[in-house]
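The values are calculated or read from the model by the stated rules, or taken from the named source; none is laboratory data. The shown structure was predicted, so the numbers you read here are calculated from the model rather than taken from an experiment. Cβ sites come from the backbone with ideal geometry, for glycine too, and all protein chains shown count toward neighbours.
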Amino acid sequence: MTWRIGVDSGGTFTDVCLFDDTSGEVTIWKVSSTPDDPSRGITQGVAEGLEQVSASAETISFLGHGTTVATNALIQGRGVKTGLITTDGFRDLLEIGRQKRPDLYDLQADKPETLVTRDLRLGVAERVRADGSVEEALDEGAFREAVRELKAQGVKSVAVSFLYSFLNDAHERRAAKIIAEEFPDAFTAISSDIAPEFREYERLSTTVVNAYLGPVMQGYVRALKKKLTDLGLKVAPQLTQSNGGVIAFDTAAEMPVRTVLSGPSTGVVAAQAIGRMTGIDNLITFDMGGTSSDVALLSGGECRVVNEAVVHGYPLKVPMLDIHTVGAGGGSIAYVDNGGLLKVGPRSAGANPGPACYGLGNDEPTVTDANVVLQTQNPEYLLNGRMKIDRTLSVAAIQKLADRLGMEMLETANGILDIVVANMAKAIRVISVQRGHDPRDYTLVAFGGAGPVQAARLARELGMSRVLIPRTPGVLCALGLLMTDLRSDFSATSLMRLDQATPEQVQAIFDDLRARARAWFEAEGIAHPARVLNLAVDVRYAGQNYEIAVAIPDGPVDAATFDTIREGFLAAHRQLYGFVAEGEPMQLVTFRAAASGLVQKADFVPQPLEGDDARAAVTGSRPVWMLEARDFVETTLYDRALLKPGNVVRGPAIIDQMDSTSVVPPGMAATVDPYLNLILEAAK
């Protein structure tokens, strides 16, 4: 018997999912996260999870891990002191940024902190031209002096970003060797390795973020590997990337910028797998945890991969799943703002002290406290009784807030949930309505510890008629780690008009990308049958500032390939913007290759239906405040572990399980499908 284990380390809980390769048995476990040292909570979770199945670490055949270490270090400014060396005259580009302002009319908007202070940003003489030719050779003496100055200033990390190095990286390669000679202890990041694409500000920002986070991630990976080895782990652990694939720990330590959306990406991967199993192609995922919520749209069963995004104010040019994050989770704190209005988040109570009901000293109400007061969540304990809570503390916290607002206590608790749902609906409209998709045509997939509690309410707000709650919603991101492949992305920028390009030009670019992908396949030891390569090119109308990625088939490039690019771009442009510009020339910008190494995955077998009678799963009842009645309603309680395929639970009902709680409101019914998912629809 061997076990595949996925571990997702969040801000509040660390989730563990164990899958038995032989029997298909799934076991889940949760422990409180340890923000002071996340590796401690992960090791504890793995050890306790193995105890639940009476197994040892030697029986683990795969261990995948999603982490928020890089994200949290970026948000909280806990990276290392970093130096930057760039082309002479361009050291202030990092602070100037672009003319476009994210909050044009907000006079109080704060810019994110510049990660490298001006005294640590140095310029040296060198210049590569826009065609890749060398205008001025690198002044190696000046570069050595710059490295020595940064070393004397006490930096731990050095970022190097020269103009047009994505076309000719010779100067940056030489710079990296000089740093190794003069300052071997420094973490080094060069832009031609981190983001070899055009747009100098975004490339510079990405390289600096990678350097800023590098030593933090290295220390974390080193500590976690030691703890797992001491536990008895024999296989090499993997870490999730923002693109939904996994990479080796050592690679993640060298390129931490690839992991800034490590945690939520695997939830989307799991949702894709569930969509394939159930035959539901169009999904909107809703992952609500303790600190934040993440939403994504899957059209035709696939989530769009974007190659540039702004994460917490910092532009990053790395491939990542198109996930939209809002700062509202179960631990988000409700408060009265300066205008006397009720607001929720983004400040969170986290794992410690946590919501008021935890009894650890927090007296500010959270979303979890609102649910406990309304009794949509168990008012006595969480995690199937492992974690006792105190409803009276939640009542006291919300009563204090209600007094400030001049409202009734229950009305205030419901108002907290109304605001949270409105925030979620706004986030979903960003990824759907604003991009030409009607959410009513999609199924809402709700997961995370708090997602199934709010799912029906959110679906109602958006006019969505169906909700899918996976078998293990509270640990779906951990489960997703058992469904993902190894992945690495390669790119090359070469601007050319489509009507002037030749097949030979494009073929040469893709041949180079294929060669880089082959080298990666070999380095990772991926066998030929498991190798998958997907090609794409970013296209825009000549003169536009934004590109659209268009997939193209693998194989020789010919006139038919150009037709595929043209037709794909027009269809995508019409979907996104509602029109096409007939007769306008198109421009090819960045060519891409996504290399995947297929690995063995957790495979779920459908179970036979056993009828609609769910009475065997009833555990009792309790009064629950329901929005539809605007009052407490006596509500039947069900144990999800006792529900069988085909069972139907009619609302009002509460379905409890260790990792989450699902609310079935009046007028809806939940049907258990053959894969033990809950499908919520209007009651018939």
Pull up segment 357-409, narrow it to residues that are touching a Pro at 6+ places or on another chain (Cβ under 7 Å) and assigned to a loop (DSSP other than H, G, I, E, B), then point me to the one that is surrounded by the fewest Cβ atoms within 10 Å (Cβ to Cβ). GLY361
With the requirement that a residue be under 16 Å from GLN505 (Cβ atoms) and touching a Phe, Trp or Tyr at 6+ places or on another chain (Cβ under 8 Å), what does segment 539-584 give you? VAL539, VAL557
In segment 648-681, what residues are over 31 Å from the mean Cα position of the chain (by Cα) and surrounded by fewer than 21 Cβ atoms within 10 Å (Cβ to Cβ)? VAL648, ARG650, PRO652, PRO666, GLY667
Regarding VAL433, is this residue at pLDDT 95 or above, β-branched (Val, Ile, Thr), farther than 16 Å from VAL663 by Cβ and surrounded by fewer than 24 Cβ atoms within 10 Å (Cβ to Cβ)? no
Output the residues belonging to segment 52-92 that are in contact with a strand residue (DSSP E or B) (Cβ under 9 Å, 6 or more places away or on another chain), surrounded by fewer than 21 Cβ atoms within 10 Å (Cβ to Cβ) and over 21 Å from TYR220 (Cα atoms). GLN52, VAL53, ALA55, THR59, SER61, ASP88, GLY89, PHE90, ARG91, ASP92
Being under 16 Å from LEU231 (Cβ atoms), surrounded by 18 or more Cβ atoms within 10 Å (Cβ to Cβ), touching a Leu at 6+ places or on another chain (Cβ under 7 Å) and at pLDDT 90 or above, is that true of even one residue in segment 30-45? yes
For segment 192-213, give me each residue that is more than 23 Å from the chain's Cα centre (by Cα), within 16 Å of VAL128 (Cβ to Cβ) and not basic (Lys, Arg). SER192, PHE198, GLU200
For residues in segment 268-319 being β-branched (Val, Ile, Thr) and over 25 Å from ALA572 (Cβ atoms), which is farthest from the chain's Cα centre (by Cα)? THR278
Out of THR291, THR259, report the one residue that is out of contact with any Cys (no Cβ under 8 Å at 6 or more places or on another chain), within 30 Å of SER491 (Cα to Cα) and of a type in the set (Val, Ile, Thr). THR259
Sole residue being modelled with pLDDT under 90 and outside the structural domain of TYR442 (by TED's automatic domain parsing), chosen from GLY339, GLY290: GLY339
Looking at (1) surrounded by fewer than 16 Cβ atoms within 10 Å (Cβ to Cβ); (2) closer than 21 Å to GLU181 by Cα, which is the only condition GLY123 fails? (1)
Residue tally, condition in a helix (DSSP H, G or I) and either surrounded by 11 or more Cβ atoms within 10 Å (Cβ to Cβ) or among the charged types (D, E, K, R) (or both), over segment 526-583: 19
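Determine which member of the set VAL31, VAL69 is more than 21 Å from VAL246 (Cβ to Cβ), aliphatic (A, V, I, L, M) and in contact with a helix residue (DSSP H, G or I) (Cβ under 6 Å, 6 or more places away or on another chain).
After ruling out the rest, the residue left standing is VAL31.
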Looking only at strands (runs of 3 or more DSSP E) that lie completely in segment 422-512, which have at least 3 residues being closer than 22 Å to ASP281 by Cβ? 443-447, 467-469
In contact (Cβ under 8 Å) with a residue 12 or more places away in the chain, among the small types (Gly, Ala, Ser), in contact with a helix residue (DSSP H, G or I) (Cβ under 9 Å, 6 or more places away or on another chain) and not assigned by TED's automatic domain parsing to the domain that holds LEU676 - does that describe any residue in segment 11-28? yes
Take the residues in segment 46-92 that are of a type in the set (Asp, Glu) and in the same structural domain as ARG173 (by TED's automatic domain parsing), then tell me which one is farthest from the chain's Cα centre (by Cα). ASP88
Among the numbered conditions (1) on the phi > 0 side of the Ramachandran plot; (2) in contact (Cβ under 8 Å) with a residue 60 or more places away in the chain, tell me where GLY463 comes up short. (2)
Filter result for ALA351 (in contact with a Gly (Cβ under 6 Å, 6 or more places away or on another chain) and either without any contact (Cβ under 8 Å) to a residue 24 or more places away in the chain or part of a loop (DSSP other than H, G, I, E, B) (or both)): no
For segment 334-343, enumerate the residues that are surrounded by fewer than 24 Cβ atoms within 10 Å (Cβ to Cβ) and either on the phi > 0 side of the Ramachandran plot or assigned to a strand (DSSP E or B) (or both). TYR335, VAL336, GLY340, LEU342, LYS343
Is segment 230-246 home to any residue that is β-branched (Val, Ile, Thr), on the phi < 0 side of the Ramachandran plot and within 19 Å of the chain's Cα centre (by Cα)? yes
From the list ASP390, ASP294, pick out the single residue that is touching a Phe, Trp or Tyr at 6+ places or on another chain (Cβ under 9 Å) and under 26 Å from VAL208 (Cα atoms). ASP294
Could we say that ALA55 is within 22 Å of THR266 (Cβ to Cβ), small (Gly, Ala, Ser) and touching a residue at least 12 places away in the same chain (Cβ under 8 Å) here? no
